[in-house]
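Colleague: Have a look at this one before I ask anything.
The values are calculated or read from the model by the stated rules, or taken from the named source; none is laboratory data. Bear in mind that the values here come from a model prediction, so they are computed numbers and not experimental data. Virtual Cβ from ideal backbone geometry, glycine too; neighbours counted across all protein chains shown.
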Amino acid sequence: MSRALARPETWPAVTATERSFKPVNIAVLTVSDTRGLADDRSGDTLVERLTKDGHKLAARAVVRDEVARIVAQLNTWIDDPLIDVILTTGGTGVTGRDVTPEAVAKVAEKDIPGFGELFRYLSFAKIGTSTIQSRACAAVTRGTYIFALPGSPGACRDAWDDILHHQLDLRTRPCNLVEMTPRLREHEKR
């Protein structure tokens, strides 16, 4: 896959009057024991939405619901300087095989608790109290954002359309995650 876009920290400083859209390089990881790329509807939903919004699909994979495999794939992409954001889909429920949040916790430097809270709040309007079964979460590590989404296409649509579409757009006011990207690794420079 072509990786022509630079990481956001290489972008020049943007003043309030100069903000324009900047595409983000996004990797999509489907966590499933039963799906492959050919029948990955949730991954397809995310790819369709992120590319429609002008972002770049930097990589895509499917891994089994196993912490070690998920962590290995996350670390590979976190260490790739051309991947800014990782979206996972699947493995966020409460069954014995759902281990995506545990894998994200193993690589996370900082949790972003507001993402899961907001996702469940928005989801409540659509699926009621069943939203408590979602352990959607987010973190940042080594300059890369990670968002762990449920494995249903509807949940992926909701997370993208209602949260990520806005937070991964430099034009979103009063603030967004993209504008903070150049500062995510400040602690490493000391």
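A quick yes/no check of all residues on (1) more than 17 Å from Ala103 (Cα to Cα); (2) in contact (Cβ under 8 Å) with a residue 60 or more places away in the chain; (3) surrounded by fewer than 16 Cβ atoms within 10 Å (Cβ to Cβ):
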| residue | (1), (2), (3) |
| --- | --- |
| Thr131 | yes, no, no |
| Ala139 | no, no, no |
| Trp160 | yes, yes, no |
| Asn176 | yes, no, no |
| Met180 | yes, no, yes |
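Condition check ((1) modelled with pLDDT of 95 or more; (2) among the hydrophobic types (A, V, I, L, M, F, W, C)) across all residues:
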site	(1), (2)
Thr45	yes, no
Ala58	yes, yes
Arg64	yes, no
Ala72	yes, yes
Thr95	no, no
Ile112	yes, yes
Phe124	yes, yes
Cys137	yes, yes
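Colleague: So, in region 62-75, exactly how many residues are free of Cβ contacts under 8 Å to residues at least 40 places away in the same chain, surrounded by 15 or more Cβ atoms within 10 Å (Cβ to Cβ) and aliphatic (A, V, I, L, M)?
Modeller: 4
Colleague: Residue under question is Trp160, and the condition is that it be aromatic (Phe, Trp, Tyr), over 20 Å from Asp53 (Cα atoms), at pLDDT 95 or above and assigned to a helix (DSSP H, G or I); does it hold?
Modeller: No, not satisfied.
Colleague: Same structure, new question: Restricting to region 86-123, what's the tally of residues that are crowded, with 20+ Cβ neighbours inside 10 Å, farther than 12 Å from Ser134 by Cα and among the small types (Gly, Ala, Ser)?
Modeller: Selection size over region 86-123: 1.
Colleague: Within region 162-182, which residues are within 30 Å of Thr34 (Cα to Cα) and over 13 Å from the mean Cα position of the chain (by Cα)?
Modeller: Asp162
Colleague: I'd like the residue in region 23-39 that is of a type in the set (D, E, K, R) and under 21 Å from Ala68 (Cβ atoms) and, out of all such residues, is surrounded by the most Cβ atoms within 10 Å (Cβ to Cβ).
Modeller: The qualifying residue surrounded by the most Cβ atoms within 10 Å (Cβ to Cβ) is Arg35.
Colleague: Follow-up. Identify, by number, the condition in (1) in contact with an Asp or Glu (Cβ under 9 Å, 6 or more places away or on another chain); (2) surrounded by 20 or more Cβ atoms within 10 Å (Cβ to Cβ); (3) modelled with pLDDT of 95 or more that Leu50 doesn't meet.
Modeller: (1)
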